[in-house]
């Protein structure tokens, strides 16, 4: 290679690297409060500490809320499902959750950043697979779980340990290939 061409390529590469580095530093400097990706809850870890109120809008009713202490006292595994009325994939996974309930799996729902009236309408329209429904108005419990979005599901064993996690809507294929084997292992 011609020495002149080599020098030009090196100089161009160095300038390019400087430009990328400088623009990255500028983005970080301009956006100091940017959102970091959530810390993912690791499998075989105890569920994080949380306590959520029932779906009720402050007037009582609508079952009972739940928290981490309730999960450690269950005789069978519990599937925690974060969902919201404004979530399209949540509506798509509803028949799968209803089928799991029919098969005997205990499912507890967490209405994530949703209004109680909207959650009730969603459950009336798509079916209610949940033994309990709590609400996470602020998203604090979702943050503790390392939620990426909704829907997300966590299988918790009777000792309160997370044994399975799925990001996104559940499908029959997901249940058959991924959840069912894990359920057999922890039951």
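The values are calculated or read from the model by the stated rules, or taken from the named source; none is laboratory data. Only a predicted model underlies this, so the values are computations on that prediction, with no experimental measurement involved. Ideal geometry is used to build each Cβ from the backbone, glycine not excepted, and the neighbour counts take in all protein chains shown.
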- prompt: Pick from region 153-166 the residues that are in contact with a strand residue (DSSP E or B) (Cβ under 6 Å, 6 or more places away or on another chain) and part of a loop (DSSP other than H, G, I, E, B): which of them is surrounded by the most Cβ atoms within 10 Å (Cβ to Cβ)?
  reply: 157
task: Considering only residues that are closer than 14 Å to residue 137 by Cα and surrounded by fewer than 19 Cβ atoms within 10 Å (Cβ to Cβ), look in region 108-124 and name the one that is farthest from the chain's Cα centre (by Cα).
output: 117
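Taking region 138-152 only, how many residues are more than 21 Å from residue 91 (Cβ to Cβ) and either outside any loop (DSSP other than H, G, I, E, B) or over 8 Å from the mean Cα position of the chain (by Cα) (or both)?
6
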- prompt: For the subset of region 98-107 comprising residues that are touching a helix residue (DSSP H, G or I) at 6+ places or on another chain (Cβ under 9 Å) and under 16 Å from residue 154 (Cβ atoms), which member is surrounded by the fewest Cβ atoms within 10 Å (Cβ to Cβ)?
  reply: 107
task: For region 77-89, enumerate the residues that are crowded, with 24+ Cβ neighbours inside 10 Å and assigned to a helix (DSSP H, G or I).
output: none
message: Residue pairs, Cβ under 6 Å, 6 or more apart or interchain, first in region 77-99 and in the same structural domain as residue 160 (by TED's automatic domain parsing) and over 17 Å from residue 66 (Cβ atoms), second assigned to a helix (DSSP H, G or I) and modelled with pLDDT under 95. List them.
response: none
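Can you find, within region 57-73, the residue that is modelled with the lowest pLDDT among those that are buried (at least 17 other Cβ atoms within 10 Å of the Cβ) and in a loop (DSSP other than H, G, I, E, B)?
Ranking the qualifying residues of region 57-73, first place goes to 62.
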message: Conditions first: (1) closer than 19 Å to residue 53 by Cα; (2) part of a loop (DSSP other than H, G, I, E, B). Residue 109 passes all but one, so which condition is the exception?
response: (2)
